1. Order of 9-15, 28-34 by packing, highest average Cβ count within 10 Å first?
2. For the chain, which longest stretch is free of loop sites, where a loop site is one of the trypsin sites (Lys or Arg not before Pro) that DSSP puts outside H, G, I, E and B and that has at most 16 other Cβ atoms within 10 Å?
3. By average Cβ neighbour count within 10 Å, what is the ranking of 145-152, 48-55, 94-101 from highest down?
4. Given the DSSP H assignment, sum -39500 (n - 2.57) over each helix run of at least 4 residues in the chain and divide by its residue total; what's the result at 222 nm in deg cm²/dmol, nearest 500?
5. Within the set Lys19/Lys83; Lys80/Lys161; Lys24/Lys80; Lys80/Lys159; Lys24/Lys83; Lys22/Lys77, which residue pairs have Cα atoms separated by over 21 Å?
6. Which cross-chain or sequence-distant (5 or more) residues have an amide H under 5 Å from the amide H of Phe116, H modelled 1.01 Å from N in plane?
7. Full-extension gain between Leu81 and Phe35, please, as 0.36 nm times their residue separation minus the C-alpha to C-alpha distance.
8. Can you work out the FRET efficiency for the pair His136 and Leu45, with r the C-beta to C-beta distance and R0 = 25 Å, to the nearest 0.05?
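No lab work stands behind these numbers, since they all come straight from the coordinates. Bear in mind that the values here come from a model prediction, so they are computed numbers and not experimental data. Glycine gets a Cβ as well: all are built from the backbone with ideal geometry, and neighbour counts include every protein chain shown.
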Amino acid sequence: MFPFEHLVVIWIVASIIQKVSKIKISRLGWALLFFGALLPDVDYLFVWISNSPIHRTFTHSFVFVILGFFVSYFILKQYKLEKESIFFSIGIFSHVILDMFIFPGLMLFWPIGTLFSFYGLTNLFVMPVVTIGTLHLYVKWLLFDIVLGVVWLSYLYFKGKINF
Ligand SMILES: [Zn+2]
C-alpha cells in the first residue's frame, strides 16, 4: 500500500475510535499514529541500500509493533508522556494489517519466515518481478494514492483543520 492509504485508513479508524470511546486523541497521539502508520516501509531504504529482499519482514511483524511500543514508551517517559506510546504501536499495527491485503503478505511472526496475508499463508518469499504489467499497476495505485491524498488534504483544508 502507498503512504496516503495508510494515513487515511489510520485517520478514519482513529476518528471512529475517538467518537465511540469519547477519548480525545492529543496532537502528539495523532502524530504518533501517523508516524507509526508510515514507519514500517522504512525497510525500503535498506532494500535500496543493501539490495536484499527484507521488505515486509522485521518492520512488518509483531516484534516491530512491540518493539515500537517499548522504544517510544522509554523515550516519551522522559517527558512524562509514556501513555501516548500506545498510539505509535497502533499506527504500526494498522500498517501491518493493511499490508496483509497484498499478496503474498508479510512475515507477521518474524523471524519465522511464513508469510501471512488475508488470502492465506505461504512459505515462498519471492521478490516481485518488475514487468511492464506490474509497473502499470504500480502507477495506477500511485495515482489513486495521490488522488486520495489530495482529497484528504482538501477536506482538512476546507474544514479549517490545516492552513497553508
Ligand atoms: Zn508496508
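1. Working: 9-15: 17.0, 28-34: 19.9.
Result, highest mean first: 28-34, 9-15.
2. Values: sites that count: Lys22, Lys24, Lys80, Lys159, Lys161.
Counting at most 16 other Cβ atoms within 10 Å as exposed, the longest clean stretch of the chain is 81-158.
3. Working: 145-152: 14.0, 48-55: 11.8, 94-101: 18.8.
With the highest mean Cβ count within 10 Å placed first, the list reads 94-101, 145-152, 48-55.
4. Numbers: 6 runs with 97 residues, N = 164.
Mean residue ellipticity, 222 nm, calculated: -19500 deg cm²/dmol.
5. Details: Lys19/Lys83 19 Å; Lys80/Lys161 27 Å; Lys24/Lys80 18 Å; Lys80/Lys159 32 Å; Lys24/Lys83 13 Å; Lys22/Lys77 25 Å.
Violating the 21 Å Cα-Cα cut-off are Lys80/Lys161; Lys80/Lys159; Lys22/Lys77.
6. Residues meeting the amide H criterion: Leu106, Met107, Leu108.
7. Working: separation 46, 0.36 × 46 = 16.56 nm, distance 1.63 nm.
Contour length minus Cα-Cα distance gives 14.9 nm.
8. Values: r = 25 Å, r/R0 = 1.00.
In this case the efficiency is close to 0.50.
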